[in-house]
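Read the figures in this text as sums done on the coordinates, not as results from a lab. For clarity, every value in this text was computed on a predicted model and none was experimentally measured. Ideal geometry is used to build each Cβ from the backbone, glycine not excepted, and the neighbour counts take in all protein chains shown.
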Amino acid sequence: MNPFQKRRAFLASQLAPGDVAVIPTAPERSRNRDANYPYRFDSYFYYLTGFEEPNSVLLLNDQAESILFCPPKDLEKEIWDGYRLGPEQAAETLGLTKAYSFDQLDSMAPAFLSNHETIWFPFASNPEMKGRLEGWIDAISQKVRTGVRAPHSIKNACLILDEMRLIKDAHETDIMKKACDISALAHIKAMQYCARALRLNEDLKEYHLEAELLHEFRRHGSEYPAYTSIVAAGANACVLHYRADKAAIRSGDLVLIDAGCELNGYASDITRTFPANGRFSGPQREIYDCVLSAQEAAIAATRTGAKFSDPHDASVRVLCEGLLALGILNPKTHGTLEDVIAHKKYTPFYMHRTSHWLGMDVHDCGSYVEPTHTQEGAASTPWSDLDPLKAPSANATQSRILKPGMVLTLEPGLYIRPSPDVPEQYWNIGVRIEDDALVCPQGVELLSRGVPVAVADIEHLMA
């Protein structure tokens with residue numbers, strides 16, 4: 001049984017008798033005229049099928065019967081748009097019960113859904129398909145006098161699938177490690193290119209480094225970036241969602257690169273900050289050392305049984321200590337370390353969280369709050385021993401407990417904008433350091449340390 005079959009079987013086991021799941025993939029999107037954006041499948045759909053083609057829907061019942069509707073074989077269209085697997089081969093290739101042409105979906109789906117109580121559908125994933133689903137229910141309802149029962153409720157399949165995706169299996173972590181390896185090579189290439197170009201007095205822009213990243217991603221088999229790459233020189237690093245643009249990179253600048261590739265549906269997410277000319281100045285190193293110490297504290301706090309919020313709390317404490325020690329926060333104005341933390345006086349310089357889930361999406365699915373109920377008597381599963389159908393209560397405040405197989409980022413930062421209250425030598429310095437962490441039974445494994453973080457190692461690399 002391949003990983004996708006195992007996931008479908010587990011999803012089926014979570015459905016009550018009379019339930020059925022309808023999981024569509026993403027639609028194609030037009031870019032302009034007759035050109036589409038590069039196609040990327042829906043993450044939930046791919047997680048259950050491993051199938052990458054558009055115009056496809058998976059139907060799954062509580063007996064683990066799986067039916068795929070996918071594009072039909074069409075040799076003329078394949079000349080223009082490429083090979084299609086086709087329903088004749090899809091069932092055997094993907095380990096499905098049956099497969100049919102997508103053209104048959106509207107005529108066959110009502111019969112499959114008839115006499116089921118509840119439909120599970122991933123909310124907000126495909127509005128067009130949600131409308132078709134409601135049309136199928138209406139068609140079934142018109143036949144109730146013949147003894148056919150229509151589904152009476154639609155529930156959010158993400159309640160189950162998000163819990164499943166939160167715990168990565170060996171198949172997933174292997175891909176994510178490879179994605180991180182590729183991204184690390186790309187960061188190294190960009191760092192070395194930057195220093196070399198400045199030594200040769202070449203014109204250097206942010207987009208030149210982005211080009212190095214994209215080339216290295218693709219050269220090693222990544223399909224595309226996991227997100228829009230951030231390449232920010234100098235003051236631009238203080239803009240959190242800045243993207244690679246036309247700004248010149250000059251000797252003496254710090255450069256912040258936040259970039260990661262996607263490989264076989266899984267994201268990587270790495271940030272490094274480095275001196276454009278290969279040597280940190282004194283103030284740059286002071287800020288950098290503070291952020292690196294904060295990340296080390298976050299790493300130490302990331303372990304099985306810890307709370308998701310623990311790495312952030314550990315980072316904040318170290319960052320606040322540094323801000324006070326450097327005079328960026330004044331104890332006479334802002335109080336003690338505990339005062340700074342309690343009243344969040346650090347937020348002008350650190351305004352985001354330290355972590356987010358990582359997986360098929362760069363900001364992956366999964367609740368950050370611990371579910372409030374366990375499933376009494378339920379067997380332990382590879383994904384979770386918590387009932388995925390029990391949503392967190394409205395007043396739940398407990399941060400998620402970390403378990404083996406969870407993957408999260410660890411990315412503290414400091415962003416020092418010009419201010420009369422801040423020593424001028426720190427103005428326009430933005431530093432973020434981000435790695436991808438796999439929670440293990442004992443401790444944590446950093447997947448992205450193929451690119452260095454220590455000052456001496458960065459300077460050696462860029463020399």
Requested in this report: Report the relative contact order of the chain, percent, no decimals, based on alpha-carbon pairs under 8 angstrom and at least 6 residues apart.
Outcome: 14
Query raised in the report: Any idea what the relative contact order of the stretch 168-245 is, in percent, if you count C-alpha pairs under 8 Å spaced at least 6 apart?
Result: 27
Report summary line: Once both label points are put 7 Å beyond Cα along the C-beta direction, the residue 65-residue 333 separation in nm becomes 7.0
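Please label the shape of the stretch 166-462 as rounded, prolate or oblate, based on the square roots a ≥ b ≥ c of the eigenvalues of the alpha-carbon gyration tensor (a/c under 1.5 means rounded; beyond that, a/b larger than b/c means prolate, else oblate). Could you put the intermediate results ahead of the total?
On the way: a/c = 2.34, a/b = 1.26, b/c = 1.85.
Oblate.
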Report summary line: Of the residues 16, 425, 341, the Cα lying farthest along the dipole of the chain towards its positive end, which is defined by charges on the beta carbon of Lys, Arg, Asp and Glu, belongs to 425
**Report entry** Translational D in µm²/s for the stretch 3-156 (Stokes-Einstein at 25 °C, 0.890 mPa s, Kirkwood Rh from C-alpha pairs)
**Finding:** 152
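Would you mind ranking 365, 194 by Cβ crowding within 10 Å, fewest neighbours first?
Numbers: 365 19, 194 26.
If I rank by nearby Cβ atoms, fewest first, I get 365, 194.
Tell me the relative contact order for the stretch 80-198 as a rounded percent, counting alpha carbon contacts under 8 Å between residues six or more apart.
Numbers: 73 pairs, mean separation 26.2, N = 119.
Relative contact order for the stretch 80-198 comes out at 22 percent.
Determine the dipole magnitude for the stretch 39-146: charges of +1 sit on the beta-carbon of Lys and Arg, -1 on that of Asp and Glu, nothing else is charged, the reference point is the Cα centre, and the result goes in debye to the nearest 20. Mind showing how you got there, number by number?
Values: 9 positive and 17 negative charges, 53 e Å.
Its charge dipole is roughly 260 debye.
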Query raised in the report: Ordered by residue, what ³J(HN,Hα) values in Hz, to whole numbers, does the stretch 204-212 give under the Karplus form 6.51 cos²θ - 1.76 cosθ + 1.60, where θ = phi - 60° and Gly and Pro are x?
Result: 9, 10, 4, 5, 5, 6, 4, 4, 5
Report summary line: Distance in nm between residue 169 and residue 245 label points, each 7 Å along Cα→Cβ, equals 4.4
Report summary line: Footprinting proxy, 370, 210: sorted fewest to most Cβ within 10 Å, the residues are 370, 210
Report summary line: 1/(1 + (r/R0)^6) with r = Cβ-Cβ of residue 353 and residue 220, R0 = 25 Å, i.e. FRET efficiency to nearest 0.05, evaluates to 0.25
Query raised in the report: Which cross-chain or sequence-distant (5 or more) residues have an amide H under 5 Å from the amide H of residue 266, H modelled 1.01 Å from N in plane?
Result: none
Report summary line: In deg cm²/dmol, rounded to the nearest 500, the helical mean residue ellipticity at 222 nm of the chain, built from -39500 (n - 2.57) for every DSSP H run of length 4 or more, is -11000 deg cm²/dmol
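In which sequence would 130, 143 go, from the one with the fewest C-beta neighbours within 10 Å to the one with the most?
Numbers: 130 17, 143 13.
The most exposed by this proxy come first: 143, 130.
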Report task. Multiply the residue separation of residue 146 and residue 425 by 0.36 nm, subtract the distance between their alpha-carbon atoms, and state the gained length in nm to one decimal. Result -> 92.4 nm
Query raised in the report: Separation between the residue 368 and residue 80 pseudo-spin-labels, each 7 Å from Cα along Cα→Cβ, expressed in nm?
Result: 4.5
